[in-house]
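Just below is one structure, and these are the notes that go with it.
The values are calculated or read from the model by the stated rules, or taken from the named source; none is laboratory data. Quick caveat, the model's predicted, so the values are computed rather than measured. Here the Cβ positions follow ideal geometry from the backbone for every residue, glycine too, while neighbour counts run over all protein chains shown. These area figures cover heavy atoms from the full protein model, side chains too; ligands, DNA and RNA do not enter into them. Shrake-Rupley method; radii C 1.70, N 1.55, O 1.52, S 1.80 Å.
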Amino acid sequence: MSLFKHGRKQISIALLGLASVMASGFVIANESTAAVGSISDLQTVLSANNIVRGEFTQTRNMEMFAQPLTSQGAFLLDKSNGLLWTQATPFPVSLVLTDNKLSQRFADQPAKIITDQENPMAFYFSHIFLAVFHGDTQKLQEQFSLSFEPATEQSSDESANESTEGTSWTLTLKPKSAPMNAVFEAITLQGNNDIERIELKEIRGDSTVIEFSQLSHQPEVLSDAEAQQFQF
């Protein structure tokens, strides 16, 4: 299998997961350091920011391959427009996702554009995860059983010269019905002030972990070049 074909397969699988990629940006917290102690707190936190920029490392373990497949790059998520997902390694791939269209470009090749009418299932997954971005836990509960473990605040006791590290909140989504339960066993989100990690466990045994770094909510508006990428 050529690298290009291998790459297309990896990206196509990830589009079950551009949902997951949606979750990647869509679980963004505010700048507060307060602990997230309940799903209600989390719902407030999830819808706090309009834009997030950052870097990602995605590691996919597949039973058909002895070694994991790792990719790295940068992303931009805009609440009004959608997602820019730019893979830099092991080869360049650019994905642009809006509410009803997806543009996928490999290196300098022409972009392939998919609409929600052409592939409604891909957009079904994306729309479900948009509910995560908007903090719509009611909609999520229609599709998933939710299990939440709260974060604890970081504290210190200078007089005793002791400190206690805060813990991340964890939200585990277990699908209730088709088509989600035909693909995913569980989706686990973890974070502090921002999401830091997503793990997707698939029914067939494959898994994907996406880790995020260098996250920023500034500037709060798109540049002209960023806005132009959503026009296709």
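Only residues that are assigned to a loop (DSSP other than H, G, I, E, B), open to solvent by less than 50 Å² (accessible area, probe 1.4 Å) and either modelled with pLDDT of 90 or more or of a type outside the set (S, T, N, Q) (or both) were counted in region 24-47, giving 5. Would you be able to tell me the number of residues in region 48-58 that are among the aliphatic types (A, V, I, L, M) and surrounded by fewer than 20 Cβ atoms within 10 Å (Cβ to Cβ)? Residues meeting the conditions: 1. Within region 206-232, residues that are part of a helix (DSSP H, G or I) sit with their Cβ atoms under 9 Å from residues that are among the hydroxyl-bearing types (Ser, Thr, Tyr), at 6+ positions apart or across chains, in these pairs: GLN229/SER94; GLN229/SER103. Hey, SER168 hits all of (1) modelled with pLDDT under 90; (2) open to solvent by less than 60 Å² (accessible area, probe 1.4 Å); (3) in contact with a helix residue (DSSP H, G or I) (Cβ under 6 Å, 6 or more places away or on another chain) but one; which does it fall short on? Here SER168 clears every test but (3).
Looking at region 69-102 only, could you name the residues that are in contact (Cβ under 8 Å) with a residue 60 or more places away in the chain and closer than 14 Å to GLN228 by Cβ? The answer is LEU76, ASP78, ASN81, GLY82, LEU84, VAL96, THR98.
For the condition modelled with pLDDT under 80 and under 16 Å from the mean Cα position of the chain (by Cα), what is the one hit in LEU130, LEU97, LEU140? So the residue among LEU130, LEU97, LEU140 that is modelled with pLDDT under 80 and under 16 Å from the mean Cα position of the chain (by Cα) is LEU130. Scanning region 186-200 for residues that are in contact with a Gly (Cβ under 9 Å, 6 or more places away or on another chain) and open to solvent by 40 Å² or more (accessible area, probe 1.4 Å) gives ASN192, ARG197.
Can you tell me which residue is nearest to SER126 (Cα to Cα) among those in region 68-93 that are hydrophobic (A, V, I, L, M, F, W, C) and open to solvent by 20 Å² or more (accessible area, probe 1.4 Å)?
Among those residues, the one meeting the criterion is ALA74.
Among the residues making up region 100-116, a single one is in contact with a Phe, Trp or Tyr (Cβ under 8 Å, 6 or more places away or on another chain), among the charged types (D, E, K, R) and either outside any loop (DSSP other than H, G, I, E, B) or surrounded by fewer than 17 Cβ atoms within 10 Å (Cβ to Cβ) (or both): LYS101.
When each of SER147, SER177 is tested for being more than 26 Å from ILE51 (Cβ to Cβ), at pLDDT below 95 and part of a strand (DSSP E or B), the lone residue that passes is SER147.
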